[in-house]
Amino acid sequence: MKRKSILTLVAAVVILAVVIAGAFATANNPVSEDSPSRMFSTFWALIPPIVAIALALITKEVYSSLFVGVVLGGLMASNFSFAGTVDAVVNDGLIASVADSAGIFVFLVILGIIVALVNRAGGSQAFGRWASAHIRTKVGAALATFLLGVLIFIDDYFNCLTVGSVMRPLTDEKKISRVKLAYLIDATAAPVCMIAPISSWAAAVSGCVESETYSGLQLFVKAIPFNFYSLLTFVFIITISIMGFDYGKMAGFEIRAQSGDIVGNTEDIASNDEKPLTDRGRVIDLVLPVVILIVTCVLGLLYVGGFFGGDYAGDFIGAFGNTDAYVGLPWGGIIALIIIVAYMLLRRVLSFKEAMQCVPQGFIAMVPPILILTLATSLKNMTGLLGAKYFVAGVMEQAAAGLFAFLPAVIFLVACALSFATGTSWGTFGILIPIVTNIFPETSPLLFVGVSACLAGAVCGDHCSPISDTTIMSSAGAQCNHVDHVATQLPYALTVAALSFVCFIIAGFLPNAWVVLPIGAVLTIGTLFLLKLIQNSKLEQLDKE
């Protein structure tokens, strides 16, 4: 029997054991007023996402793994009732997830169509030719991708898909593997948005803060220097790019990319990268559509937030605090699509019929991320039915008693675990920020460290999780296999997480970011040099043998 089959069988046995154990363990538990499930607000609430994530990493098959997690959550939420399970999976899971994510689905399809239009008009190929002449090295391509990711700080969804669409021709030409591109996209999406005062993330964090001394935005800004995970991720990316060094599974993909295998596992990947219909494509045919998309999406976010009329008229920051990306991005996207089609027709690089052929192309290319996002959101809904957030909140409050100086490090770990298991950073800091602001006095400098630990942990868990929406969209933006992306970026994210944990321990005793942050940067660079020395030593040992 093949090793993969054995692992799958073991996973199935473990899942069955969990279900049986859960049924017996909760047989006599009282039913909560908040949920009919006897597993409500217990550790069992975290089991469905843990099982789904483990299955995805073992079997390398994400659709069935997520669906198993959703069904397991439905079983637990309904106390193992057949009718109740079907009702939970269909109504509270799949239908609710489609309803909740409809706006992002529309934006995904619109972006897929725009990418198809740009490719068929020859814009991507023209940009690739220009970039290869001006950005001549692999290091330059990686750093250019990083820089573009930092510049698009308005929203993480927009960041993931735009950076992938723009930089993929260049990174392909410089033989950077698609999974490495996906990591660069993912590492400059949520981490960048979490330290940008003008972003949808800053708005979301501000809305969770209840403080008599600080406004939500003030607390967010004061917490930025202590967000060690986001800031050290940037140090990490710049260092590995300049060193030309990779480790873990990423190293294998990068080695294969040098021989031409850039994409890797092509299973479940639908590509827009067809040959252009004309050789008259120019760099402007890519740059102008991207600029139009950025401008219209920012205007869409401001419009939905009430900038052009309403409570936040003329208030740029206030409008961003009141906006809804699920409405604003499709609002801007549909206007951008109309303008871009008109531009392509006026440029005569595409006929109307050829432009309309890009509509189904774009939709087909986005079907895999839409399916994964639907199942991942369904799984999050199941953890919500099981009250996972209440269990974690209870653990946090108990930990606050005797670990005050170590509490920022503890908060970071708890936020990482919750965000990883549920796949949502917004849900994580939404649960934990009110707890953190109640634990620390508003006069204590540890308040900012604690809030930062919560935000950093939420981003870290989101970055690692296979069921995170930004992780899914990074795979879509890079057009690589989703499980490969998760498996290759996990060692990188965990390395930065470990270094961030050390920094939060230090900050608990020395809450001065301008001292702790340089220490973290030195530790990050030193760790990478040490890993490179170890890898080189192993390679030399293999050569001798």
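The values are calculated or read from the model by the stated rules, or taken from the named source; none is laboratory data. A quick note: this is a predicted structure, and the numbers were derived from the prediction, not measured. Cβ coordinates were reconstructed from backbone atoms using ideal geometry, including for glycine residues, and neighbour counts include every protein chain displayed. The area values use the complete protein model at the heavy-atom level, side chains included, leaving out ligands, DNA and RNA. Shrake-Rupley method; radii C 1.70, N 1.55, O 1.52, S 1.80 Å.
Please find, within segment 348-369, the residue that is most open to solvent (accessible area, probe 1.4 Å) out of those that are in a helix (DSSP H, G or I) and charged (D, E, K, R).
Let us first name the residues in segment 348-369 that are in a helix (DSSP H, G or I), namely 352-369.
Narrowing further to those that are charged (D, E, K, R): 353-354.
Values: K353: 147, E354: 59 Å².
Ranking the candidates gives K353 first.
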(request) Within segment 107-135, track down each residue that is open to solvent by less than 30 Å² (accessible area, probe 1.4 Å) and in contact with a Cys (Cβ under 7 Å, 6 or more places away or on another chain). (result) I113, A116, L117
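Can you name every one of the helices (runs of 4 or more DSSP H) wholly within segment 154-267 that holds 2 or more residues which are modelled with pLDDT of 85 or more and not small (G, A, S)?
156-173, 178-187, 190-193, 228-243, 249-258
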(request) Might you let me know whether segment 120-129 holds any residue that is in contact (Cβ under 8 Å) with a residue 60 or more places away in the chain, closer than 28 Å to G461 by Cβ, part of a helix (DSSP H, G or I) and in contact with a helix residue (DSSP H, G or I) (Cβ under 8 Å, 6 or more places away or on another chain)? (result) no
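Is there a residue being open to solvent by less than 20 Å² (accessible area, probe 1.4 Å), within 19 Å of V179 (Cα to Cα) and in contact (Cβ under 8 Å) with a residue 24 or more places away in the chain anywhere in segment 526-544? If you could, list the steps in order and put the result at the bottom.
Applying the first criterion (open to solvent by less than 20 Å² (accessible area, probe 1.4 Å)) to segment 526-544 yields 528.
So of that shortlist, the ones also within 19 Å of V179 (Cα to Cα) come out as none.
No; the residues of segment 526-544 include none that is open to solvent by less than 20 Å² (accessible area, probe 1.4 Å), within 19 Å of V179 (Cα to Cα) and in contact (Cβ under 8 Å) with a residue 24 or more places away in the chain.
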(request) Considering only segment 420-463, state which residues are part of a helix (DSSP H, G or I), open to solvent by 10 Å² or more (accessible area, probe 1.4 Å) and closer than 26 Å to I104 by Cα. (result) F420, T422, W426, G427, G430, I431
(request) Scan segment 496-510 and give yes if some residue there is in a loop (DSSP other than H, G, I, E, B), open to solvent by less than 30 Å² (accessible area, probe 1.4 Å), of a type outside the set (S, T, Y) and without any contact (Cβ under 8 Å) to a residue 40 or more places away in the chain, otherwise no. (result) no
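Being open to solvent by 40 Å² or more (accessible area, probe 1.4 Å) and touching a residue at least 24 places away in the same chain (Cβ under 8 Å) is the filter here; which residues of segment 136-146 pass it?
Our first condition is that a residue be open to solvent by 40 Å² or more (accessible area, probe 1.4 Å); within segment 136-146, this holds for 136-139, 143.
If the condition is that a residue be open to solvent by 40 Å² or more (accessible area, probe 1.4 Å) and touching a residue at least 24 places away in the same chain (Cβ under 8 Å), then T137, K138, V139, L143 are the ones that fit.
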(request) Evaluate segment 24-41: report whether one residue or more is open to solvent by 20 Å² or more (accessible area, probe 1.4 Å), at pLDDT below 65, out of contact with any Phe, Trp or Tyr (no Cβ under 7 Å at 6 or more places or on another chain) and outside any loop (DSSP other than H, G, I, E, B). (result) yes
(request) Run H485 past the list (1) out of contact with any Gly (no Cβ under 7 Å at 6 or more places or on another chain); (2) of a type outside the set (A, V, I, L, M, F, W, C); (3) open to solvent by 30 Å² or more (accessible area, probe 1.4 Å) and report the number of the one that doesn't hold. (result) (3)
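Can you find a residue that is among the β-branched types (V, I, T), open to solvent by 70 Å² or more (accessible area, probe 1.4 Å) and at pLDDT 85 or above anywhere in segment 335-347?
Of segment 335-347, the ones among the β-branched types (V, I, T) are 335, 338-341.
Restricting the remaining residues to those that are open to solvent by 70 Å² or more (accessible area, probe 1.4 Å) gives 338-339.
Filter again for at pLDDT 85 or above, leaving 338-339.
Checked segment 335-347: at least one residue is among the β-branched types (V, I, T), open to solvent by 70 Å² or more (accessible area, probe 1.4 Å) and at pLDDT 85 or above.
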(request) For residues that are open to solvent by 60 Å² or more (accessible area, probe 1.4 Å) and at pLDDT 80 or above, scanning just segment 295-312, find the one that is farthest from the chain's Cα centre (by Cα). (result) F308
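Condition check ((1) touching a helix residue (DSSP H, G or I) at 6+ places or on another chain (Cβ under 9 Å); (2) within 18 Å of T188 (Cβ to Cβ); (3) charged (D, E, K, R)) across all residues:
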position	(1), (2), (3)
V486	yes, yes, no
F501	yes, no, no
F504	yes, no, no
W514	yes, no, no
V522	no, no, no
I525	yes, no, no
K532	yes, no, yes
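Before we move on, is I467 modelled with pLDDT of 90 or more and either touching a Lys or Arg at 6+ places or on another chain (Cβ under 8 Å) or open to solvent by 10 Å² or more (accessible area, probe 1.4 Å) (or both)?
Details: modelled with pLDDT of 90 or more: no; either touching a Lys or Arg at 6+ places or on another chain (Cβ under 8 Å) or open to solvent by 10 Å² or more (accessible area, probe 1.4 Å) (or both): yes.
In short, no.
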(request) Being in contact with a Ser or Thr (Cβ under 8 Å, 6 or more places away or on another chain) and over 21 Å from P49 (Cα atoms) is the filter; apply it to segment 470-479 and report the residue that is modelled with the highest pLDDT. (result) Q479
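Step by step: first the residues of segment 42-90, then only those that are outside any helix (DSSP H, G or I) and within 22 Å of C464 (Cβ to Cβ), then the one that is least open to solvent (accessible area, probe 1.4 Å). Which residue is that? Steps first, please.
If we filter segment 42-90 for residues that are outside any helix (DSSP H, G or I), which is where we start, we get 42, 60-61, 78-81.
Those still in the list that are within 22 Å of C464 (Cβ to Cβ) too: 60-61.
Details: K60: 75, E61: 48 Å².
The extreme case among them is E61.
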(request) Find all pairs meeting these conditions: Cβ atoms under 6 angstrom apart; at least six residues apart or on different chains; first residue within segment 321-350 and within 15 Å of V287 (Cα to Cα) and among the small types (G, A, S); second residue part of a helix (DSSP H, G or I) and open to solvent by less than 70 Å² (accessible area, probe 1.4 Å). (result) A336/I292; A336/L293; A336/T296
